[in-house]
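Right, one structure below, let's go through it.
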Amino acid sequence: MPPKRGALAQAIRDTFTEEASLAVVEEWSSKVVSDLEARASNAHHAWLEVLAKPYTADAAETVPVTVVASLREFQGQLHDMYRAAETIRTVIACRIPELKAEDNLGVEVQMTVLKMIDSLEGKLLGSSSGDKEGGAPGVAGMYAAREYLAARGSVEDKVLGKVSDDDKKTKSAAPSVLMELQQIDADALLRLELSATQISTQIRSFINAYAVNWKKLIQPRSNASEKSIS
């Protein structure tokens, strides 16, 4: 590689060191996984409480503060995890070596781990399509609060009445509409529980893959000349 171009690539490697990605992995291992498990447990108990509570028309007049707060806290955690995952991606991606016809085992390891990051980020975003490797779709994600509020708002209109074009309020007479409202609240918490569980499992898998393959991720080829490209 010409010196000037090599220096550009080396500068990125010097900025995004293995220590940066290791710090993320260590935080995920020591803190984030346990936080997700606690969040899943709290959501499970809140879900049971919602299902056990009788719903009246008054339930449509106020959005449950605890549900919204839980979803927004989850959004903040997923946001931080997404940005952290991009740090790991950069550390690995900027060390993909010059493509050759041989000795590509380390490069294949890099590609596999980068695909794991793709899959994880899909779960963080709440992708409903799954990943290219056939993995399960995300249960809930970064925008779960907005989706919940939109769904609840449509049912609130049914319960409280929605002003029509002739300025008259129309309410639903369906006996199941309050049950639908209750189920929306319960489902939001259930999705939070399952999403936190799903993501914690995926993070554990990633931590394992990173821990046992880190040398190949940082130095995909054993040739000493590949250590530095400047």
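Every number in this text was worked out from the coordinates using simple rules, so none of it is lab data. Since the structure is predicted, the reported quantities are computational estimates derived from the model, not experimental observations.
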**Request:** Output the DSSP H helices from the chain with an along-axis C-alpha extent of no less than 20 Å and a mean Kyte-Doolittle hydropathy no less than -1.0.
**Result:** 33-52, 65-93, 105-125, 144-160, 177-218
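By how many nm would the segment from Ala69 to Asp35 grow when fully extended, if each residue of separation counts as 0.36 nm and the alpha-carbon distance is taken off?
Working: separation 34, 0.36 × 34 = 12.24 nm, distance 1.57 nm.
Residue separation times 0.36 nm, minus the Cα-Cα distance, leaves 10.7 nm.
Quote the relative contact order of the chain in percent (integer), defining contacts as alpha-carbon pairs under 8 Å separated by 6+ residues. Spell out each step's value before the answer.
On the way: 263 pairs, mean separation 80.4, N = 230.
Computed over the chain, the figure is 35 percent.
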